């Protein structure tokens, strides 16, 4: 969606934001989190109208430890993508880090119909109404569903203080077999796993 917004702008104005976005993503992929967040910040300053689209910025802000900014970014993204369970999940993670999982659950963003499996179950898990096992069961045998189940089970477990379960699920999500179905979020899984492993 970000690329489409940039392409819709006149070429002279779009070039610099497009390059800035690419730099921010490249920094994140290389694990240079602070540089990625700073590049996203420059992009928003240069072209504020792009800010609601930049969910990637919210993730970079999360890993940079800027949890209040992260929360704000996902609240802003909801204005252009109100059905996305992942947006609500990352908002939960930001609030949980800044305050507590209990406060995050109370502040969880509402979502519309997200047809991706197992996103509805992931959302209910973050709300405290489904178990991790139920999420895994809902994922079935589809690679994409399995990837997203492992990713969000790992992120959720870490938030609740269960580091070993987080490591197990994030290692599964970061495996090469999920590179295709995971897309950008597979990169997120790899970056998160590297951070966790450095903390051993």
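Between the C-alpha center of region 45-62 and that of region 154-200 there is a gap of 23 Å.
For region 1-114, the relative contact order works out to 18 percent when only alpha carbon pairs closer than 8 Å and six or more residues apart are counted. Take every pair of alpha-carbon atoms less than 8 Å apart whose residues are at least six positions apart; their mean separation over the length of region 110-175 yields a relative contact order of 25 percent. Between the Cα long axis of helix 67-77 and the first principal axis of the chain there is an angle of about 80°, rounded to the nearest 10. Using Cα atoms only, what is the angle between the long axis of helix 85-98 and the major principal axis of the chain, expressed in degrees (0 to 90) to the nearest 10? For helix 85-98, the angle is close to 80 degrees.
Relative to its Kirkwood radius, the Cα radius of gyration of region 115-200 gives an Rg/Rh of 0.95. Would you work out if region 42-200 is rounded, prolate or oblate? Take a ≥ b ≥ c from the square roots of the eigenvalues of the alpha-carbon gyration tensor; rounded if a/c is under 1.5, else prolate when a/b is larger than b/c, oblate otherwise. Note, shape of region 42-200 comes out rounded. Per-residue ellipticity at 222 nm, computed for the chain from helices alone with -39500 (n - 2.57) per DSSP H run of at least four residues, works out to -21500 deg cm²/dmol. Sequence-distant contacts, meaning Cα pairs under 8 Å at least 6 residues apart, place the relative contact order of the chain at 12 percent. Remark on region 108-153: Rg and Dmax equal 9.8, 29 Å (Cα only).
Throughout, read-outs are computed from the coordinates displayed, never taken from laboratory work. Because the structure is a prediction, the values reported are computed rather than measured.
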